[in-house]
Amino acid sequence: VDRAVEHGLKMAAEGAHIIDVGGESTRPGAEAVTAEEELRRVIPVIEQLRRKSEVIVSIDTAKSEVARAAIRAGALIVNDVTGGRGDEEMMPLIAETKSAFIIMHMQGTPQTMQIAPQYTNVVSEVSDFFRQQYARAIVYNIDTMAIAFDPGIGFGKTLEHNLELLAQLERLRACDRPMVIGVSRKSFLGKLINSAQVSDRLAPAVALTSLLRTRGADVLRVHDVKENVNALKVTEAILQRAK
């Protein structure tokens with residue numbers, strides 16, 4: 001817990017606006033953990049971050065039980081890799097607590113998603129999913145201004161699917177809501193540069209962060225905060241002068 005909190009505070013000091021706290025790995029092939037174990041891992045971290053910092057905390061979970069406890073502990077955002085499909089109580093909880101909600105697209109589950117992902121048209125299908133979940137959120141009376149969408153790069157997508165989604169980011173924008181993108185340290189970067197070393201993915205990820213900001217990404221989920229923040233400072237300086 002102490003190491004996690006220290007890392008979160010370091011990221012906030014380096015310029016992160018949101019710290020995303022998760023207690024269950026969603027890497028391809030990762031095994032699920034119980035709600036009890038997830039709670040044991042995340043709640044002490046959230047409580048300490050909220051005591052020691054003003055940074056916004058997001059809870060990365062697909063379980064409404066974990067989300068509820070995290071919100072009580074101070075989390076303001078629920079980041080759900082199932083986009084509200086994994087737990088039928090998630091959307092009612094979001095509405096009840098007036099939390100912000102990141103709806104992510106994933107084909108399959110972390111255990112199965114990279115076995116053989118298939119789409120007829122990945123951009124259209126992800127876009128349709130966003131609109132369907134947005135409509136569901138309205139039925140549950142979730143504040144539409146508190147919704148953001150994440151295409152789930154690497155979550156049930158091949159290299160080509162990932163590239164197609166990133167190349168057509170604006171086509172994915174649903175109902176004029178913010179777009180959240182996470183590409184940091186993901187394996188498709190290693191495939192593009194022909195390297196199995198995770199450390200080699202830093203430069204491509206930073207370059208992609210800047211490019212995606214110019215293409216419409218509103219929130220960027222990264223591991224290496226300082227490097228990405230510095231890249232975005234330069235990108236924003238240029239974008240401001242291009243208006």
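The values are calculated or read from the model by the stated rules, or taken from the named source; none is laboratory data. In this text the structure is predicted, and so the values were computed from the model without any measurement. Cβ placement follows ideal geometry from the backbone for every residue including glycine, while neighbour counts extend to all protein chains displayed. Ligands, DNA and RNA are excluded from the accessible area calculation, which covers all protein heavy atoms including side chains. Shrake-Rupley method; radii C 1.70, N 1.55, O 1.52, S 1.80 Å.
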| Quick check: is even one residue across region 18-35 farther than 30 Å from Asn162 by Cα and charged (D, E, K, R)? | no
| said: Condition first: in contact with a Leu (Cβ under 9 Å, 6 or more places away or on another chain) and open to solvent by 20 Å² or more (accessible area, probe 1.4 Å). Can you find one or more residues in region 143-157 that meet it? | reply: no
| note | Listed by first then second residue, the pairs whose first member lies in region 25-41 and is more than 20 Å from Met106 (Cα to Cα), whose partner is open to solvent by 70 Å² or more (accessible area, probe 1.4 Å), with beta carbons under 8 Å and at least 6 positions apart or on separate chains, are Ala35/Glu65; Leu39/Glu65
| query | In this structure, does Gln240 turn out to be under 20 Å from His17 (Cβ atoms) and either open to solvent by 30 Å² or more (accessible area, probe 1.4 Å) or touching a Phe, Trp or Tyr at 6+ places or on another chain (Cβ under 9 Å) (or both)? | reply | yes
| field | Filter result (among the acidic types (Asp, Glu) and in contact with a helix residue (DSSP H, G or I) (Cβ under 6 Å, 6 or more places away or on another chain)) within region 135-185 | value | Glu164
